[in-house]
1. Condition first: within 14 Å of chain A (Cβ to nearest Cβ), in a strand (DSSP E or B) and closer than 26 Å to A:Pro267 by Cβ. Can you find one or more residues in region B:27-36 that meet it?
2. Examine region B:41-64 for a residue that is within 14 Å of another protein chain (Cβ to nearest Cβ) and either part of a strand (DSSP E or B) or touching a Lys or Arg at 6+ places or on another chain (Cβ under 6 Å) (or both), and state whether such a residue exists.
3. I'd like to verify a number: residues in region A:79-104 that are touching a Lys or Arg at 6+ places or on another chain (Cβ under 9 Å) and acidic (Asp, Glu), how many?
4. Of everything in region A:208-225 that's under 23 Å from A:Val282 (Cα atoms) and in contact with an Asp or Glu (Cβ under 9 Å, 6 or more places away or on another chain), which residue is farthest from the other protein chains (Cβ to nearest Cβ)?
5. Test each condition in (1) within 27 Å of B:Gln191 (Cβ to Cβ); (2) in the same structural domain as B:His154 (by TED's automatic domain parsing) for B:Met124 and report the one that comes out false.
6. Criterion first (part of a loop (DSSP other than H, G, I, E, B), more than 10 Å from every other protein chain (Cβ to nearest Cβ) and crowded, with 23+ Cβ neighbours inside 10 Å) does B:Pro288 satisfy it?
7. For region A:226-302, list the helices (runs of 4 or more DSSP H) that sit wholly inside it and hold at least 2 residues that are within 14 Å of chain B (Cβ to nearest Cβ) and among the acidic types (Asp, Glu); which are they?
Amino acid sequence: MSESNMTPLVSVQNLCKTYGGEKRLFGGSMPALKAVNNVSFDIAPGETLGLVGESGSGKSTTGRVLLQLEAPTGGDILYKGENITGLSKAMLKPYRRDMQVIFQDPYASLNPRMTVGEFVGEPLEVHNLASSRREREDRVASLFTKVGLDPSFMKRYPHEFSGGQRQRVNIARAIALNPAFIVADEPITALDVSIQAQIVNLFQDLQDELGLTYLFIAHDLSMIRYLCHRVAVMLRGRIVEIGPCDAIFENPQHAYTKALLSAIPVPDPDIERDRRPLVFDVGANLPREEAVLRPVGNRHFVLEV
Amino acid sequence: MAPLLEVRNLTVAFDTPAGTVHAVNDVSYSLEEGETLGIVGESGSGKSVHALSMVGLIATPPGRIVRGEVLFNGRDLLALSQRELFEVRGKEIGFVFQDPMTSLNPVLTIERQIAEPLRRHFGMSVSQARRRVVELLELVGIPDAARRARQYPHEFSGGMRQRVMIAIGISCNPKLLIADEATTALDVTVQAQILDLVRDLKKKIGTTVIWITHDMGVVAGLADTVQVMYGGRIMERGPVRAVFHDPRNAYTWGLLKSLPHGGRRGVTRLYQIPGNPPDLTKEPIGDPFAPRNPFATERCRIETPPLGEVEGSVAGHRAAAWYDLRAEIAATQVQP
């Protein structure tokens with residue numbers, strides 16, 4: 001899928017995001033929290049990179065900073081080889097078209113006062129991509145069909161939809177501008193179990209059809225294997241392991257990756273009865289500041305201990 | 001021996017501006033002492049509401065218990081006054097809820113909160129309660145218990161807070177512990193520790209447990225019996241191994257099939273249950289899963305299937321289905 005000599009679609013180099021650390025009015029400074037600490041990765045066109053880790057690991061912040069929804073405190077963000085870090089709002093606008101985001105809570109992401117048709121058509125309006133109201137509605141209708149929603153639902157309001165349908169609406173809006181890259185931040189976590197598979201399959205179908213590239217953020221490793229080509233595991237702001245899905249799942253190297261994999265409950269009583277999850281004490285095993293990622297296999301890297 | 005808990009025809013509705021929500025429809029089951037029952041279902045399945053309504057924890061109105069009996073140790077909980085229920089809750093039936101962040105009072109020390117039911121139900125003195133609190137915190141695996149007891153909830157991590165919740169739940173040695181999505185908000189590694197703790201506590205103090213969750217994996221590791229709910233009804237129920245390895249209801253089957261089983265991208269496609277969750281404001285007629293069930297028959301749409309003993313499986317394995325799931329699956333597999 002991704003040739004090593006191909007220019008990555010998205011690339012982050014030594015990305016950092018620190019909160020706090022500002023000087024207090026009277027003496028001392030606020031404690032600094034390195035939410036994202038020296039994170040680097042490439043995503044090839046058409047590739048899905050999974051970003052996993054527990055709450056507070058910095059995975060969502062990485063996604064937000066990558067999109068410059070928040071300014072990074074260090075490092076560079078490259079899109080198709082161009083450094084787009086710190087560009088002005090106006091300069092970023094064309095890139096915003098290309099890089100979209102889908103959030104976890106499908107209801108909070110929708111505007112309750114807008115029909116879902118208006119909501120999906122709004123980006124087309126903002127970027128002046130439809131010459132008439134009629135054309136916009138036609139395009140929204142085809143987006144609805146693409147994500148598996150009946151176009152007759154366009155006139156309805158968000159509260160009339162179930163969680164899975166709402167997430168389909170969010171996905172329709174995200175692909176409205178024909179983006180190349182989508183950051184999906186826990187897009188299935190809030191959905192019912194019987195709906196999760198539908199949305200996972202939709203993500204894949206859209207990728208096959210539109211050639212999309214994804215950064216898929218999740219705390220649940222079990223779906224990752226169905227969706228991603230590569231996975232990066234984060235711990236306290238650092239990437240501790242990154243590599244092809246098979247390598248991470250079959251041959252995890254970092255103690256934290258092993259613990260994370262061993263903790264996933266398996267829906268089989270025979271396996272589950274005897275499963276003993278590995279314990280990993282985060283506090284006692286914080287990544288050293290100067291530690292670097294070392295290769296351990298084909299495109300498989302582990303943070304040295 | 002009579003079961004510890006016997007639920008008979010429990011039916012709960014909510015009167016809302018959008019219409020009557022039929023949240024729990026004719027739910028009947030029994031639970032033996034020492035048994036761990038895993039109840040699985042998604043939002044709107046009635047799994048939480050049915051448990052809350054048993055002990056008078058749903059707001060009335062809009063909630064309304066339409067009919068049914070809940071016999072706990074032979075006593076009908078639904079016939080008790082709020083005052084009498086006050087004595088049951090916390091003392092005989094302990095609870096652990098989903099969100100340890102909002103279930104604890106942020107301005108009271110952990111000690112105060114664990115001691116409250118002890119002082120109220122057993123009339124313990126402050127020093128007696130204090131000793132018991134430290135004991136409980138040690139039991140749920142909180143290190144340095146005596147010091148930690150005097151701290152406030154914000155000084156605990158999510159996993160530690162959930163341990164505190166479990167300590168409160170078991171503080172009065174309840175006969176029954178009901179945990180509602182108790183590990184859902186936690187990270188997987190923390191969840192694994194909490195599940196270990198619960199298994200351990202069951203061994204040590206033999207509590208009967210109802211574990212409500214949407215996670216089939218959690219149930220597989222914890223429960224003796226699993227009960228699958230959908231649209232306010234029990235779809236299938238039985239010993240975990242029987243239900244997981246030989247499901248007879250199409251919803252259970254679809255749910256298990258749609259979970260990732262180590263399949264890979266591009267190699268395997270996830271099975272997906274078609275359609276959307278049921279609209280509970282509609283009159284509950286027929287099998288609630290029928291509109292999403294590829295094997296549904298005409299009868300499924302008009303007549304509710306009873307939860308009947310399954311042929312050719314172990315005792316206690318029951319399913320609600322008018323169709324023969326095994327035959328249907330066999331038929332689809334021979335086709336090209």
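1. Applying the first criterion (within 14 Å of chain A (Cβ to nearest Cβ)) to region B:27-36 yields B:36.
Right, trim to in a strand (DSSP E or B) and you get B:36.
Still in the list and also closer than 26 Å to A:Pro267 by Cβ: B:36.
Checking region B:27-36: at least one residue is within 14 Å of chain A (Cβ to nearest Cβ), in a strand (DSSP E or B) and closer than 26 Å to A:Pro267 by Cβ.
2. Within region B:41-64, the first condition is being within 14 Å of another protein chain (Cβ to nearest Cβ), and the residues that meet it are B:41-48.
Checking the rest, the ones that are also either part of a strand (DSSP E or B) or touching a Lys or Arg at 6+ places or on another chain (Cβ under 6 Å) (or both) come to B:41.
The answer is yes, given that some residue of region B:41-64 is within 14 Å of another protein chain (Cβ to nearest Cβ) and either part of a strand (DSSP E or B) or touching a Lys or Arg at 6+ places or on another chain (Cβ under 6 Å) (or both).
3. Result for region A:79-104: 1.
4. In the first step, residues of region A:208-225 are kept if they are under 23 Å from A:Val282 (Cα atoms); the result is A:217-222, A:224.
Among the residues that remain, those that are also in contact with an Asp or Glu (Cβ under 9 Å, 6 or more places away or on another chain) are: A:217-220.
Details: A:Ile217: 14, A:Ala218: 11, A:His219: 7, A:Asp220: 7 Å.
Ranking the qualifying residues of region A:208-225, first place goes to A:Ile217.
5. (1)
6. Details: part of a loop (DSSP other than H, G, I, E, B): yes; more than 10 Å from every other protein chain (Cβ to nearest Cβ): yes; crowded, with 23+ Cβ neighbours inside 10 Å: yes.
So B:Pro288 fits the description; yes.
7. Working: elements: A:245-250, A:255-262, A:269-274.
Per the criteria, A:245-250, A:269-274.
Residue-wise test of (1) more than 9 Å from chain A (Cβ to nearest Cβ); (2) in a strand (DSSP E or B); (3) without any contact (Cβ under 8 Å) to a residue 24 or more places away in the chain; (4) among the aromatic types (Phe, Trp, Tyr).
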position	(1), (2), (3), (4)
B:Cys172	yes, no, no, no
B:Ala182	yes, no, no, no
B:Gln191	no, no, no, no
B:Trp211	yes, yes, no, yes
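The values are calculated or read from the model by the stated rules, or taken from the named source; none is laboratory data. Treat the numbers as computed from the prediction; the structure is a model and nothing was measured. So basically every Cβ, Gly included, is an ideal-geometry build from the backbone, and we count neighbours across all protein chains shown.
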